[in-house]
1. Please give the FRET efficiency for residue B:311 paired with residue B:220, using the beta carbon to beta carbon distance and R0 = 22 Å, rounded to the nearest 0.05.
2. To the nearest Å, what is the center-to-center distance of region A:353-403 and region A:61-99, using C-alpha atoms only?
3. Say each of residue A:303 and residue A:11 gets a label point 7 Å from the Cα, pointing the same way as Cα to Cβ; how far apart are those two points in nm?
4. Give the Rg/Rh ratio for region A:67-191, taking Rg as the radius of gyration of the Cα atoms and Rh as the Kirkwood radius, to two decimals.
5. Note down the relative contact order for chain B as a percent, whole number, built from C-alpha pairs under 8 angstrom at least six residues apart.
6. Between residue B:415 and residue B:286, how many nm apart are label points set 7 Å from Cα along the C-beta direction?
7. What FRET efficiency comes out for residue B:378 versus residue B:434 if R0 is 45 angstrom and r is the Cβ-Cβ distance? Round to the nearest 0.05.
8. How high is the relative contact order of region A:276-387, given as a whole-number percent (alpha carbon pairs under 8 Å, six or more residues apart)?
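Each reported figure results from applying straightforward, stated rules to the coordinates on display, with no laboratory input. Here the structure is a predicted model, which is why all the values come from computation and not from measurement. As a convention, Cβ positions derive from the backbone with ideal geometry for all residues, glycine included, and neighbour counts pool all protein chains shown.
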């Protein structure tokens, strides 16, 4: 066994005992279903350490979303110059309206559309079907928003259940209106989590978008940034860095994305993948169909940024290599100064993470840059390949949880007593009521960007602010 | 050239700044407004959510109650996130995570497994089941499912488990609130009506009110009167719990025993005629005592009516302390009237909020101009028109029922006003119109602690007018030239 990171007091036996105690309260069937999703980490494991991408156990209080959430909220929503129609009742689109922080450029309602468009299904639409309403709605959208580059039609649960044919309707209307209208059958009951919504959206991009546009010029350093959703401006931190390194970032998927640039991405030389989970499908399609290689990178924290930039440079010539080294030489000392400020305040602090996508593994290095140790991590909607990539990043024997219930997280936090929990809005106040500092790690807690050299100082400041806020010391009354 | 799908490949063409400027100017025009108001199918930026959200809020108002979503798990996550963003508090709820096989076989197995797990893990005193789209479309029979759950041992025999059908393709969050409240009260009060018994208490219902400060204010008013009360669906502790280092799944709510005995109350008063219309009809048939449904007490006149009704119900005078409070509120109004008089407003929000906003504005000599409800009714329109007709400041007011915030944007651009009252979702329209937005509605995602300051009663009136007047003064200070930047305002 190679030398792994360890955490004093955490052994496989202690972690397994903690897991067993958390499982104690479950009825037998529930326990049997949940047990394979919880394990002490084995950094050397050749196979995925936990079971994943299985149905959520009913009644346990899962944090998961649905396929629609993955399609609208994650993949489609960030494309700013399109209209995204939440096709079905009013709620889904209302809940996902402006709540992910995927920032967009452009003028709202004119050239970008971070709004809530819905067919607002009523009882009669359930009875008679919504295809006709959809046709009318698309015409109205085209008339009122003439600069929209296209429309996505994202099905909510009832659409699939009543047997509407949005594919036929959108095909007909795309011809009639002469604009891309893209159907995505992402009803929330499909699959087990938002992950299927990512996959279905990737399939829609494959079937309706890619290779429908061409760039005016092509060059040897053309790349696409894939799986960065511009949360709190992440893309605006990464793109300039890549440009400084000599790359032409021709398209961003899908943060601050533009439909036509995404449609012409088959012309780039390399797909740079940040969120593997939500976008690996199209990366593979483009590799097979257009021979575009892809490379996974990590833009959290100076250690991983440096490694990622060098990995990128390896694929290109000396021009790029020199620029990459120059960028590292320029920014790394700045990052070391940030570390000098915050590391003494954060050294040895323990973090527990429970997020989605790439963050449960990708942010580990950034915490370690600040001298912190991640003592537990897990994903809402990961697959085997995510856990394979996670095991080596995490210290030996730390707890790994898949689709954790709130009950389990509460138990783990009680036992591990982390100094910080990084998870979502639904978890935030549970742990803050316990007096445990917390940062929302889906939305950057209304801060950001956290990516790249621009983001790390903000990340460091936010983590310090959360943990070292003087407010926590008043949680327990002196009387 | 065409790709294999037969789509024509076109060059990437960015939107030019000229085109963007042209369309940006066009969407502000009267011509655009006409096209916008001609929409038949497309809804843009509606100011209402779906039924189950209201059911969740209502369920959270009862002691030890676990909200349980029968449907897809993503629905539950959306309601929880929304409530947590607004209150900045935990909003626990479980779902039974129905998936494709549920569409084929129905959701009974999911419901049973879910009930068993949530009872073991979260030990609720009551489970409030409500539905999202899927079971409503496929026609799940919850009466039978829950009966079967008990007979098969998935659910303890004595654990109250009310359920409400809350289809999202009908009504809005306020209707879901209504259905859930009725189901909970029906379940808890079953067999509890006792001939001749009177608790002496006032049953009070606030409706879909997501301002915990309002709840505390109502209680304070009852305290001043010395009126014993049962606050039905009391979310004030649930969504405003102390941070003392201990997380409690159920930090508050109406005690179930009290709710059960509410059927024997002295009187039942709802200040949410629209969010509790179904429940109130049922209460009139079932509950003992007097039944009153009246508007939310916002502004002076509606608060006066509210207090006089309490005085009438309990045959005692309005306490001197509240009379003095009224005087202070009126003093605050007369002191501040010059900063609001003649200011023109757009208001939008839930049906129970709108009459309160309009009444308050008219009292201040402000002018409600655009009054919009994205899930309104003829009845609401009549009520609002009646208020407008009652005051010379109401002459310019026009009601827009079942219009959305994109319609409102057109109104703001073609008939400008000075300010808006609503919820966070209006901030984009307010920014485009370059006017302030006062966040008195639900949800508030972008300001802290506003749900803690009451907007009902005399104190609420002071709070609203203080916020509004000082904001207008801030704007003056921020925008005036140096010569007009003065010490006094």
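1. For residue B:311 and residue B:220, the calculated efficiency is 0.85.
2. 26 Å
3. 2.6 nm
4. Answer for region A:67-191: 0.94.
5. Relative contact order for chain B comes out at 16 percent.
6. Rounded to a tenth, the inter-label distance reads 4.3 nm.
7. Efficiency, rounded to the nearest 0.05: 0.85.
8. 27 percent
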